[in-house]
Amino acid sequence: MSNRAIFSLVSLLMVCALLLVNSQFQARRLFIELERSQLRQKELETEWSQLQLDQSMLAKHARVDSLARTSLGMSSPGAGKTQYLTVGAK
Amino acid sequence: MRAPSRKAAARGVAFAASPVLAVRLPAWRSRVALFLLFAAFVALAARAFWLQAVSTEFLQKKGASRYARTLDLPAVRGKILDRNGEVMATSLPVKAIWAVPDSVNTPPEKLQRLAQLLDISSQELKKKLESDSNFVYLKRQVEIEAVDQVLALDIPGIHTKPEYKRFYPAGQVAAHVLGFTSVEDKGQEGMELAQQSTLGGITGSRRVIRDNLGRVVDDIALLREPQDGRDLTLSIDSKIQYIAFTHLQQAIEKNKAKAGGIVVLDVKTGEVLALANMPTYNPNSRVGLTGAQLRNRVFTDTYEPGSTLKPFTVALALEKGLVTPNSILDTPNKLTIGPSTIGDSHPHAAALSVSQIIQQSSNVGTVRMAQKLEPRQMWDMFSSVGFGQPPRVGFPGAVAGRMRPYKTWRPIEQATMSYGHGISVSLIQVARSYMIFARNGEMIPLSFQKVSQLPAPQRVISDKTAHQMRDMMELVVGPGGTAPLAQVRGYRVAGKTGTAHKLENGHYVNKYVASFVGLAPASDPRIIIAVMIDEPGAGKHFGGLVAAPLFASVAASTLSSLNVPPDASVSNVIMPAQPIAESM
């Protein structure tokens, strides 16, 4: 084989090797990004659970009941004050 | 550069004339040197072979351990939701704070601050840090805000570990239904324990490559996929649960009772809508918990139900055609069976109709009917409504109660059993047994989870008998009955009171269990409510005075919360001057 052929093959090899290094680097970079996104997903899930819990805490019947009775001065109407409507009746 | 060096060489001694070369050395020395060099190469080759071929695996493993790590993938425990999707229990990430005691070396004021943040005493913290071990938990399940403050103190040797903590927004209101979990996130009580296998997640793990900054840069393998626990939707309606709990709490305080329980069932589906016990506890902070607080009385306490069992004896007599609601029976105030005498606690007419016997809760009248029945028939009736066997609702600790085999019944035992003595049941069993009256003679299984497919019912008594019994039990809450206080404005209700002496060490003592089981609306029942008040201590102890008002208030709120249309006018409540005391 001529020297020229050998030289071009060697340089091709070198280029390939560098490309490999580059793609490996890219893969790792993307992977880290994926990791970060998954972490963010977990965080958001946790936050959602937390918000759901907060909602439950705030909408707790004990709290609503005491707020309605004390600060809003409400009381439950009872059967005597309730008008029942039947669906479809005129 | 060449010229000077040549010059230098020229100035020195000629190479061939160097005196060093003139020294004659023995030939073996060069051979030894050659051999040593050769041997060194052989040693290197052997070593290389050893490393490359023989111990490769070991070395690769060692190498991998420098960059590869196995990470745990935590799984989250499933949430518990009520029937409307409201969160009743959820897990949130918190941290455990641990220390390597030897590395903690910091001024005392910082430690003081740490103890403060962890909410433990300085002595306790000091004791923990003086431990000999390499790993000591300072506090587990610390919420994230506190953890951040602890880490901001920047004390060497203090580390954190992620874990989960369970939160129960309803607190003590639903404590006995939900139960709680341990610090290891395992169910300990209630539904948390019963449904551990579906609620609990399975931790996964994976192998990764980490770079020098500790970032994960590559996945090697997913060893096990993490599996989050499945969410659990209960049959409980948190609004009705709140209604039941607060009214029970008030009734217990008002009657100065030792304990109590209440259960609300959906007649159409067999779902448990609410279940509460007193005394209770707060599942979010369980410090100094006592057994009495933990006890789920509705399931685990059996008591002699007393008169709440009479309707079954009467229904059986009706079903067998032995009596009709209008049959008149002789009812003396005392009745002697063998060596024993039974009686009623209030005077009544010498002859009562079957309806009046239920209405006024006469022991003698009930026994009169039981005497016409075979022990076996009664036993069959009691077992087919679920007495003597644990209810299959998937709840831990549910007891069977005690019902002896009918072959061993003596006449007096058959007589007392007909009015609910000499037999023991739990409140949930009594509540469920009233299904036969509420569902026109059918029995259905109970469920603690939201029912999507209705279970197949089982007929126990005829439609006609069930209607007759319901009419009689409506009389109980009427002006001439034992429980006028159970009346609800706008709704017809039916029910039966019970008052029983408690058994202590095999003897009846002057302590009582007052109970009431009722269904509403009587025209087309939607709910069954069973209440039990243990040892009322404020002077009153009859079921009609202690338990019936609790039934009425819970029924009124529950029916309106379920949007059940009224089946009576709002002026239906009629209070007699003096309700009838029932028999025990």
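Observations
- Qualifying residue in the stretch B:271-287 (condition: outside any loop (DSSP other than H, G, I, E, B), more than 14 Å from every other protein chain (Cβ to nearest Cβ) and open to solvent by 10 Å² or more (accessible area, probe 1.4 Å)): yes
- Against the conditions (1) among the small types (G, A, S); (2) under 19 Å from the mean Cα position of the chain (by Cα); (3) away from chain A (no Cβ under 14 Å), B:A251 satisfies every one except (2).
- Listed conditions (1) within 20 Å of B:I358 (Cα to Cα); (2) of a type in the set (A, V, I, L, M, F, W, C); (3) open to solvent by 10 Å² or more (accessible area, probe 1.4 Å) are all met by B:M378, apart from (3).
- Selected residue (only one of B:S55, B:S65 is under 60 Å from the mean Cα position of the chain (by Cα), among the hydroxyl-bearing types (S, T, Y) and farther than 24 Å from B:G204 by Cα): B:S55
- For the stretch A:77-90, the set of residues classified as at the interface with chain B (Cβ under 8 Å from one of its Cβ atoms) and open to solvent by 90 Å² or more (accessible area, probe 1.4 Å) consists of A:T86 only.
- In the stretch B:70-124, the residues that are among the acidic types (D, E) and surrounded by fewer than 19 Cβ atoms within 10 Å (Cβ to Cβ): B:D72, B:D102, B:E109, B:D119, B:E124
- Members of the stretch B:176-193 found to be of a type in the set (A, V, I, L, M), open to solvent by less than 30 Å² (accessible area, probe 1.4 Å) and touching an Asp or Glu at 6+ places or on another chain (Cβ under 9 Å), listed by number: B:L178
- Residue check for B:T482: outside any loop (DSSP other than H, G, I, E, B), in contact (Cβ under 8 Å) with a residue 40 or more places away in the chain and within 22 Å of B:V314 (Cβ to Cβ): no
- Scanning the stretch A:34-76 for residues that are within 8 Å of chain B (Cβ to nearest Cβ), open to solvent by 80 Å² or more (accessible area, probe 1.4 Å) and more than 20 Å from B:I80 (Cβ to Cβ) yields one hit, A:S76.
- Residues within the stretch B:471-521 that are closer than 20 Å to B:Y434 by Cβ and within 14 Å of chain A (Cβ to nearest Cβ), tallied: 7
- Scanning the stretch B:194-208 for residues being within 14 Å of chain A (Cβ to nearest Cβ) and open to solvent by less than 30 Å² (accessible area, probe 1.4 Å) gives a total of 3.
- Residue check: B:D524 meets all listed conditions (1) within 34 Å of the chain's Cα centre (by Cα); (2) within 14 Å of another protein chain (Cβ to nearest Cβ) but one, namely (2).
- Residue satisfying all of: in the stretch B:441-479; assigned to a loop (DSSP other than H, G, I, E, B) and polar (S, T, N, Q); most open to solvent (accessible area, probe 1.4 Å) among these: B:Q453
- Subset of the stretch B:258-270 [buried (at least 24 other Cβ atoms within 10 Å of the Cβ) and among the small types (G, A, S)]: B:G260, B:G261
- Of all residues in the stretch B:126-150 being closer than 26 Å to B:F167 by Cα and among the aliphatic types (A, V, I, L, M), the one that is farthest from the chain's Cα centre (by Cα): B:V150
- Within the stretch B:384-434, being in a helix (DSSP H, G or I) and of a type in the set (V, I, T) holds for B:T408, B:I412, B:T416, B:I428, B:V430.
The values are calculated or read from the model by the stated rules, or taken from the named source; none is laboratory data. Keep in mind it's a predicted model, so treat the numbers as computed, not measured. Don't worry about glycine lacking a Cβ; one is built from the backbone with ideal geometry, like all the others, and counts go over all protein chains shown. Please note that ligands, DNA and RNA were not included when accessible areas were found on the heavy atoms of the full protein model with its side chains. Shrake-Rupley method; radii C 1.70, N 1.55, O 1.52, S 1.80 Å.
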